Structures are given as structure tokens and as C-alpha cells.
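The values are calculated or read from the model by the stated rules, or taken from the named source; none is laboratory data. Fair warning: this is a prediction, and the values are worked out from it, not measured in the lab. Cβ: placed from backbone, ideal geometry, glycine included. Neighbour counts: every protein chain shown. The protein model used for the area step is the full one, side chains on, heavy atoms only, and it has no ligands, DNA or RNA in it. Shrake-Rupley method; radii C 1.70, N 1.55, O 1.52, S 1.80 Å.
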Amino acid sequence: MTISGLCFKKIVGTKETENEKTKNEVVKLPFWKQFMSILSGYFLMAAVGTGTTWASPSLPYLTSKNSEFQLTITQGAWLVSIGSPIGIIGYILCGTMANSIGRKFTILTFGLITLLAMIFIQSANDYTTLLIGRMIMGIGNCGCYSILTLYIGEIAHESLRGRFLTFDKMSVNIGAFLMTTAGALLSYENMNLVMIFIPLLGIAIFPVTSETPYYYLLKEKNQEAIDTRMKLMETDDVEMVMRDIGRMKKGIDDGKESEESSIRELFIDPGCRRALILKLITSATYSFSGYLAIQAYAQDIFSHSNFEIPPQFAVMIMTGAQILAALPSSQIVDFWGRRPTFLLSGILSSLSLSCVGLYFYLKSFHDVSTVTWLPLIGLLSFTFSCNIGLTTIPYLYMGELFSVKVKSVASMITLIIEAIFSFTAKMIFPLVSHWFGIYVSFWIFALSSLFGAICVFCLAPETKGKNLEEVLELLRLKAQKNEKC
């Protein structure tokens, strides 16, 4: 009988002894083996970062007379925004492909889609081809983001998972910095070539990527699941691995049983319904804080400030600071709690954005040559403030507010609505700035940050230190209390 056959008999009803717990506690953490397996995905997330900030150095060139085809403000807005709604296709494809061809080859597929998008952008001689390239990039970026989050959750040791997810976000920030650096130092054509090399590197090291044990168990390939888990854990301890395999198997079986009722429960259960509302409020606050829109139009924003540092280098400073800004977020959230951190992040972000808006308002009527540094300082402050909570807690809430039974459905619904929010925010920024003044856009973002943060603080339960059952019970109690009122 195979190892899997023997161990699956043992795993049923087995209780972990104190000696086994001790053995688990002293096991050497397999950091490098798992990191190398995820590395290809990190390169693709860096490509997502380049796609997010591509417009910042590109639009000033494409809307100038030096461009082979000069774009209008509206065409530029479509280039920036179109990836968000089209990216919904990537979210949908990700779920289907992950269960059919596996997590590993889904990563490769979206890497190839991202590479194809960049080739389209590099070879574009007209607006239509460029728009198609940006649409394909939206699919690739959203697909890469979705599959890597799933992949890390399934392949990483629980004590390393948070660290690997932090690297995930940091890879996006590094990609954004590389994009703005290339835009500052190179021509438009050479900048796009640099952008192509990032997913190419990810695809080149794809052979070291492992399939996840979850996928093998989903396909009832128990022996492959055991072998993969042992390799990733760098251990010969079969009993320890089989406890992990048994837990994964139970989670998969529970998930299959609950698929049919998950949509109904999400809207019928008061706790789940309230969790969905809270998650959407945090997503709307993040989107309408202007974080993504400011990244996309950063060079154009700095060009209006008349600061002595050239706009392209000011953007480099901002995206470079963004890498550092993400580092302390997890520690702050765990120390202070989710609600106060989100409130603090919203208040500080609102103040920063208001100051930038005030500068541009005063610039329309007065001489502000002595404070031309204010937009850069304000946006640096916004970058740090936003990364404390507005950009991180919406993703924490995805794991902390929803039961396993409804999580996949809730995730799909919130990702689709978040894509619509993001599209709207990125689309209105240049249009409102053109029609009413750039300061109006910043004040809209400031109000959104403040209002959303206050709503979350007042409506959300504190999830710090609480397990899922306790959080769901708090949500149900709040929902019942509101219904009585």
C-alpha cells in the first residue's frame, strides 16, 4: 500500500499528542524552498506594478506633439481606466482555470497574457492598438493578482504566509518604482522594452514553480499531494505532513458541500450580509481615496506644481517611498486594531490630500512660488498614510469577515464591484480636473477618505485577536440591533 493509503487510514480520528505538537513547534521553517516556488509569481506582480503606473510617464508623451499619435484627455482617461472593468474577465478566468489546469499553469497563463499585453503596447502605432494592449493588460494584471494570492495561501506554511503576502504587495510597489525610474531615464520606446523584460524573467524561472497540494487533492491525486507537501516543507516526517494533508482534505470536502448554499447564505445571514457591506465600504474608501488614480497621473500632477525637481523624478521619489510605506502596516494593524488604524489612516490621508488640493486652489489666484514643494510632501504623506490602513485593511477583511462557506462568492462579488469603483475613480480624475480644476479632484478624494474611515469605525466590529466565529457573532448582533432600531 502507498504512503497515502496507509496515512489516510491513520488520519481519520487521529488526535495530536503533546509530543507531536512539540515536534511541530521545533520544525525548521522551509522559507527558501517555498520562496523560490513563489518567485515567478513575484516577478509577475512586479509587472502588475509597472502596468499600474505605466500611464504616469506615458501620458505626458502621448498627449504631446512628439507622439506619433497625439491623444486627447478623454482618450488618455480611457487608457488609464479600461483595465479595471475588463480585468473582471481575469478574475472570472482565474477561478475556472485554477481548478481545471492547476494553480501553477494558471500563473504561467496569466504571465503570458501580461507579456502579450506589453508587446501590444510596445508595437502600437495608433490609439486602438494601444487601447487593446491596455485591455489585455487589465485581464493579465487582475488574473495574476488573484491567482498569486490563492497560490500563496495554499503553498505557504502558516507561519510564513503573512510574510509571503507582504512580499506580494511589495513586488507591486517595486514594479511601480521600476516603471517610473525607466520613464524618467529612458525614452518612451525603451521604457516599454524594460517593461517587457519583467514578465519575461518571471516566465523564464517558471520551471521552479510547484503545484499546490490543494490542487492535487482536488483532483484526488493523494500521493502527488503528499510528495509535494514533503518537498515544500523540506521534511521526511510523514506523520506531520499527513496531518496537514488531512486538514486540507477536510477543507476541500467542506467546501464542496457548501457550494450550492453559499450565495443564498451570503445575503440571508445577517452577519454575512453586514460583512459584505463593510467590505464594500472599505473597498470604496480605498478606490475613492484616489490612491490608484494619483499613481496613474502622478507625473502630470507634479508638472502643475512648478516644483524645482522635474516631475518624472518627483514621481520616482513618491513610488520609492511607497516601497518603504508598506513595511510597517501589518505591525500597526496588529498593535492598534483594525478600526482605529483605518480611522487614523483615513484622517491622515484626508489631511494630506486637502493640503495638496489647497495648494492647487491657491495657485489659481495667488503666487505660491515659495511653497512649490507642498504637493510632493503632501503626496508623500498621503502615500505613507494610505498604506497604514486604507490599502491593507480591505484585504485583511476579506479573510477576517467571511466564513469559509461564503468566502469565494464574497470575494468574486467584491472584486467585481471594486473594479467598477477603481474604473470610476481613475476616469473622473482627469475629467473633473479639466472641467473644474485639479484641486476639486483632490478635495473629492479627501472627503471620500474621511467619510469612509468614519463609517468603518462606527459600523465595523474590532476583529483584532478574534477568531472567525466570534467576528461573525459580533456582526450578527450588530445587524439584529440595527433591525430592532
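Dividing the summed -39500 (n - 2.57) terms of all DSSP H runs of n ≥ 4 by the residue count of the chain sets its mean residue ellipticity at 222 nm at -26500 deg cm²/dmol. Each label point was placed 7 Å from the Cα along the Cα-to-Cβ direction; for PHE365 and THR72 their separation is 3.2 nm.
Counting only heavy atoms of the protein chains and using a 1.4 Å probe, ILE203 has close to 40 Å² of accessible surface. Just need the relative contact order of the chain here, percent rounded to a whole number, with Cα pairs under 8 Å and 6+ apart. Reported relative contact order: 22 percent. Of the residues PHE360, PHE384, PHE365, the one with the largest accessible area comes first in the ranking PHE365, PHE384, PHE360, computed with a 1.4 Å probe on protein heavy atoms.
Summed over all non-identical Cα pairs, the Kirkwood treatment of segment 149-246 gives a radius of 16.0 Å. Our coupling estimate for segment 426-441, obtained by passing each phi through the Karplus curve with A = 6.51, B = -1.76, C = 1.60 and θ = phi - 60°, is 6, 6, 7, 4, x, 6, 5, 4, 6, 7, 10, x, 5, 5, 5, 4 Hz, Gly and Pro reported as x. Size descriptor for the chain, Kirkwood hydrodynamic radius: 23.8 Å (Cα pairs only, one decimal).
Here is the P(r) of segment 57-200: all C-alpha pair distances, binned every 5 Å from 0, give 2, 10, 16, 20, 20, 14, 9, 6, 3, 1, 0 in whole percents.
Accessible area per residue for the chain, computed on protein heavy atoms with a 1.4 Å probe, is 44 Å².
Electrostatic tally near MET45: other residues with Cβ closer than 14 Å to its Cβ, Lys and Arg +1, Asp and Glu -1, net 0.
Scaling the Cα radius of gyration of segment 323-402 by the globular reference 2.2 N^0.38 Å produces a ratio of 1.33. Tally Lys/Arg at +1 and Asp/Glu at -1 over every other residue whose Cβ is under 15 Å from the Cβ of LEU376; what's the total? Net of charged neighbours comes to -1. These residues, CYS386, CYS455, go from largest to smallest accessible area, 1.4 Å probe, as CYS455, CYS386.
Both numbers refer to the Cα atoms of segment 356-427; Rg and Dmax are 18.6, 59 Å. Rounded to the nearest whole Hz, the Karplus-based 3J(HN,Hα) values (6.51 cos²θ - 1.76 cosθ + 1.60, θ = phi - 60°) of segment 415-422 follow the sequence 5, 5, 5, 5, 5, 5, 4, 5, with x at glycine and proline. Charge dipole (Cα centre; +1 on Lys/Arg Cβ, -1 on Asp/Glu Cβ; no other charges) of segment 242-401 amounts to roughly 280 debye. Heavy-atom accessible area, probed at 1.4 angstrom with all protein chains present, ranks TYR42, TYR61, TYR188 as TYR61, TYR188, TYR42, highest first.
The figure for SER67 is an accessible area of roughly 10 square angstrom, using a 1.4 Å probe on the protein chains alone. Rolled with a 1.4 Å probe across the full set of protein chains, the surface gives SER364 an accessible area near 70 Å².
Counting protein heavy atoms only, the chain has 65 percent of its accessible area on carbon and sulfur, 1.4 angstrom probe.
Residue-wise HN-Hα couplings along segment 187-192, as the Karplus relation 6.51 cos²θ - 1.76 cosθ + 1.60 with θ = phi - 60° gives them from phi, are 6, 4, 5, 5, 4, 5 Hz; Gly and Pro carry x. Taking Lys and Arg as +1 and Asp and Glu as -1, the other residues whose beta-carbon sits under 15 Å from that of GLN122 total -2.
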